[in-house]
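Please treat every number below as a calculation from the coordinates, not as lab data. All figures in this text were calculated on a predicted structure; none of them were measured in a lab. Positions of Cβ are backbone-derived with ideal geometry, glycine not excepted, and every protein chain shown enters the neighbour counts.
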Amino acid sequence: MMTLIRSQMAMLQQLADFCLEDLADRDAVRSALQTMRASVEAVIVRAASRPRQFTHLVPGVGMLRARGLINIAEGIAARHHVDLGQVVGRGRMKSAVRARAELCSTLRDLGLSLPEIGLLIDRDHTTVMGAIRAHKTRGAA
């Protein structure tokens with residue numbers, strides 16, 4: 001999240017430089033941009049000092065926690081002997097992939113839609129469909 005905010009800060013600086021080149025009333029623009037930059041920096045400081053308050057905005061562990069599904073995800077991760085971060089991460093290790101598929105299947109059984117599950121684990125809904133199908137196939141075999 002911090003990387004995302006920093007990249008947005010860099011884009012803001014580029015925008016500020018562009019505006020200062022083109023606009024005649026540079027003092028007003030400079031003042032507005034400095035105020036905006038100070039606001040963004042304040043958010044960065046707040047996010048760094050209290051990271052758990054902002055995790056609900058990031059797909060993965062934070063969103064699972066915010067939705068009250070963290071215990072289910074932790075149980076599945078423990079059963080597969082993987083870290084929860086690996087389950088919702090981008091890794092393709094066999095045990096993490098199987099845990100992720102089980103999580104998708106479990107969340108679907110709880111009534112979540114495919115796009116909702118995809119949002120929680122930062123995947124497309126079609127990827128979620130494939131994971132659920134693979135989990136059901138492995139369970140039947």
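For region 64-106, what does the equivalent ellipsoid look like in terms of its semi-axes, each the square root of 5 times an eigenvalue of the Cα gyration tensor, given largest first in whole Å?
16, 10, 9
Using a basic spin-label model with each label point 7 Å from the Cα along Cα→Cβ, how many nm lie between ALA78 and ASP124?
About 3.5 nm separates the two model spin labels.
Along region 116-126, what does the Karplus equation 6.51 cos²θ - 1.76 cosθ + 1.60 (θ = phi - 60°) give for ³J(HN,Hα), rounded to whole Hz, x for Gly and Pro?
Going residue by residue, I get 5, 5, x, 5, 5, 10, 6, 9, 6, 5, 6 Hz, with x marking Gly and Pro.
Kirkwood Rh, Cα Rg: Rg to Rh for region 100-141?
0.95
Read phi for every residue in region 27-36 and hand back ³J(HN,Hα) as whole Hz from Karplus 6.51 cos²θ - 1.76 cosθ + 1.60, θ = phi - 60°, with x for Gly and Pro.
So the Karplus estimates, Gly and Pro as x, are 5, 5, 5, 4, 5, 5, 5, 5, 5, 5 Hz.
Sort VAL88, VAL82 by Cβ crowding within 10 Å, fewest neighbours at the top.
Going from least to most buried by this count: VAL82, VAL88.
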